[in-house]
1. Taking loop as defined by DSSP and a crowding limit of 12 other beta carbons within 10 Å, which trypsin sites (Lys or Arg not before Pro) in the stretch 23-94 fit?
2. Using only Cα atoms and rounding to the nearest 10 degrees, what angle (0 to 90) does helix 65-76 make with the longest principal axis of the chain?
3. Evaluate E = 1/(1 + (r/R0)^6) for residue 51 and residue 108, where r is the Cβ-Cβ distance and R0 equals 30 Å; express this FRET efficiency to the nearest 0.05.
4. Hey, of (i) 15.4; (ii) 17.8; (iii) 19.0, which did the structure itself give for Kirkwood radius over Cα pairs in Å when calculated?
5. With the radius of gyration and the Kirkwood radius both derived from the Cα set of the stretch 15-62, what is their ratio Rg to Rh?
6. Can you tell me how the stretch 37-98 classifies by the Cα gyration tensor, rounded, prolate or oblate, using a/c under 1.5 as the rounded cut?
7. Could you work out [θ]222 nm for the chain from helices alone, using -39500 (n - 2.57) per DSSP H run of at least four and dividing by all its residues? Round to the nearest 500 deg cm²/dmol.
8. Hey, rough spin-label estimate for residue 96 and residue 36, points 7 angstrom out along Cα→Cβ, what's it come to in nanometres?
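Since every read-out is calculated from the coordinates, none of them should be taken as a lab result. Since the structure is predicted, the reported quantities are computational estimates derived from the model, not experimental observations. Here the Cβ positions follow ideal geometry from the backbone for every residue, glycine too, while neighbour counts run over all protein chains shown.
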Amino acid sequence: MMMSLGMYVFSLSTAAYQEFQQQIGWRHPSTGRVGVRPARQFLGPDDETITLNGTLMPEVTGPDMTLDELRKMGDAGLSYALIEGTGRVFGEFIIESMSITRTLFFRDGAARRIEFALTLKRDDDKIGLVTAPRGRLR
């Protein structure tokens with residue numbers, strides 16, 4: 001197992017990725033001031049995006065249908081735990097987008113080579129969430 005996204009497992013027999021790209025940001029908005037540089041204030045973390053790029057060769061690796069499972073997960077609009085095969089937990093992520101490129105075709109139109117890019121956005125940061133106390137409000 002290379003990684004799992006919810007119950008979906010990335011491996012050589014499903015959809016093996018060849019590139020893992022992670023982008024992490026922090027928010028520092030600025031306020032203009034006269035005669036000096038703008039003042040900046042740290043507001044906390046910004047979006048975290050993970051992109052997985054890979055290639056399927058259905059004759060050798062996982063079948064084309066494995067990408068259909070990821071599409072169904074994206075259609076559900078849920079967030080899923082992203083866990084590396086080493087045990088490292090990245091957090092909860094939604095599937096933001098997926099691109100698929102098919103090349104090198106058989107006579108029947110089936111692709112010999114399928115490249116994919118899966119974009120995930122972190123969705124588990126609940127810092128600052130204010131909840132009402134349970135019971136009666138006074």
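1. Working: sites: 27, 33, 40, 71, 72, 88; in loops: 33, 88.
Those that pass, being in a loop and sparsely packed, are 33, 88.
2. So the inclination is approximately 30 degrees.
3. Given R0 = 30 Å and the Cβ-Cβ separation, E is 0.45.
4. Among (i) 15.4; (ii) 17.8; (iii) 19.0, the one derived from this structure is (ii).
5. On the way: Rg = 20.3 Å, Rh = 14.3 Å.
Value, to two decimals: 1.42.
6. Cα axes put the stretch 37-98 in the prolate bin.
7. -2500 deg cm²/dmol
8. Those two pseudo-labels are separated by 3.5 nm.
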